Amino acid sequence: MGIKSSFPGYLAAIAIFMSSTAIAVAMPQDRFPEPIVLDGLTLVLNGTATRSVFAVGVYDAGLYVSPATDDAVEIMERNHGPKRLKIIMLRSVSEAKFASAIRDNLDRNLTPPEQAVLAGALAVFFQAFAHGADLDQGSEITIDYLPSEGTIVMVDGKRQAVIPGREFYHALLRLWIGKPLQASIKTGLLRNGRPR
């Protein structure tokens, strides 16, 4: 499909990572099954959330880690094991607009020196969303971290990018569980790790 350019779609895409509107809700188990096994380690669903813009859902997200925790710093800095961030699109958004929304939020989460260090990795990451296509409703994006390979980006089951090393993945996670610019998304993705 070609890139859609409707004004509502544009607004939704730009606000994917910038809007403060997000809802932490329980997801159907078949969309975010658990546990899963990644690189030989069993991961649990740490939490889920829905990004909504103007009361319209844009995507569902689920974060898999081991063990479950509500400590974002633990996940991003001290847990060096496999992880998965899974995104399921609830509406059609072009790859270009999806990537643009990520770019717009980088400055809010990564300092200029950090972006300079990660420039090569970021270029590879954005190539995963440079095919001129749409992320249709129901499309699945998985962003995995495997200690044996690094960051692996897959779209609808097809591997689109591999970025060696650990630093990039954990920096990228800041867009979802970093600074409290997206408080509801962060709350949802860390929800299952809270003491009960």
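Points to keep in mind about this one:
- Model label sites at residue 103 and residue 55, defined 7 Å from Cα along the beta-carbon direction, differ in position by 3.3 nm.
- Scaled radius of gyration (Cα, divided by 2.2 N^0.38 Å) that the range 7-193 gives: 0.94
- Fraction of alpha-carbon pairs over 23 Å apart in the range 79-165 - percent: 23
- If you wrap the Cα atoms of the range 72-121 in a convex hull and average its projected area over all directions, you get 5.0 nm².
- Legend: calculated FRET efficiency, residue 130 to residue 80, from the Cβ-Cβ distance at R0 = 22 Å, rounded to 0.05, equals 0.15.
- Near the amide H of residue 90, within less than 5 Å, lie the amide hydrogens of 59, 60, 138, all on another chain or at least 5 residues away, with H placed in the peptide plane.
Every number here is computed from the coordinates shown, using simple stated rules; none is lab data. All figures in this text were calculated on a predicted structure; none of them were measured in a lab. We place every Cβ from the backbone using ideal geometry, glycine too, and count neighbours over all the protein chains shown.
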